[in-house]
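Below is one structure, written out as structure tokens; comments come after it.
The values are calculated or read from the model by the stated rules, or taken from the named source; none is laboratory data. Remember, it's a predicted structure, so these values are computed and weren't measured experimentally. Cβ placement follows ideal geometry from the backbone for every residue including glycine, while neighbour counts extend to all protein chains displayed. In case anyone asks, the SASA skips ligands and DNA or RNA and just uses the protein heavy atoms, side chains included. Shrake-Rupley method; radii C 1.70, N 1.55, O 1.52, S 1.80 Å.
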Amino acid sequence: MVRGGGWTDLVFCGIATESCVLKSAADAFEHGHAPWIVTDACASDAGTDVHDAGLVVARRLIGTGQLVTTEHVVDQLAAYAGAPMLE
């Protein structure tokens with residue numbers, strides 16, 4: 001679906017920052033996509049320290065600039081409001 005849609009950037013958020021979110025974002029990066037992890041839309045059921053550790057690893061794997069906040073995502077979406085979208 002990602003390749004077929006021509007998507008280049010993928011936004012990740014969810015539970016288990018240190019495993020599910022991190023693994024998905026790293027896989028996207030390895031397949032040539034630009035993964036964005038929304039740090040304040042992720043968490044870990046193992047606690048804040050584990051969430052933070054997942055973000056440290058994410059910075060090392062996909063780059064510091066790929067970790068963003070919900071505010072950043074909303075601003076980016078607003079900038080594209082009215083632009084043609086894939087159906």
query: For the chain, which chymotrypsin sites (Phe, Trp or Tyr not before Pro) are in a loop by DSSP, counting at most 12 other Cβ atoms within 10 Å?
result: TYR80
task: Please calculate how many Å² of accessible area the chain carries per residue, with a 1.4 Å probe and no DNA, RNA or ligand atoms counted.
output: 66 Å²
field: Full-stretch length increase - CYS20, TRP7 - with 0.36 nm per residue and alpha-carbon distance subtracted
entry: 2.6 nm
statement: Lys and Arg at +1, Asp and Glu at -1: neighbours of THR39 with Cβ under 13 Å from its Cβ sum to -3
message: Assuming 0.36 nm per residue, please report the length gained on full extension of the stretch ASP27 to VAL73 beyond their Cα-Cα distance.
response: 14.5 nm
message: Only sites in a loop by DSSP and with at most 16 other Cβ atoms within 10 Å count here; which trypsin sites (Lys or Arg not before Pro) in segment 19-84 make the cut?
response: none
task: Read phi for every residue in segment 23-38 and hand back ³J(HN,Hα) as whole Hz from Karplus 6.51 cos²θ - 1.76 cosθ + 1.60, θ = phi - 60°, with x for Gly and Pro.
output: 4, 5, 5, 5, 4, 4, 4, 5, 9, x, 9, 9, x, 10, 9, 8
- request: Quote the charge dipole size of segment 1-78 about the Cα centre in Debye, to the nearest 20; the model charges only the Cβ of Lys and Arg (+1) and of Asp and Glu (-1).
  value: 280 debye
- prompt: Counting every Cα pair in the chain, what percent are over 14 Å apart?
  reply: 64 percent
statement: So, over other residues within a Cβ distance under 13 Å of VAL73, counting Lys, Arg +1 and Asp, Glu -1, the net charge is -4
- request: State the Cα centre-to-centre distance between segment 48-76 and segment 1-47 in whole Å.
  value: 10 Å
task: Run the numbers on the chain and let me know its relative contact order in percent, using alpha-carbon pairs under 8 Å that are six or more apart.
output: 28 percent
- line: Lys and Arg at +1, Asp and Glu at -1: neighbours of PHE12 with Cβ under 15 Å from its Cβ sum to -3
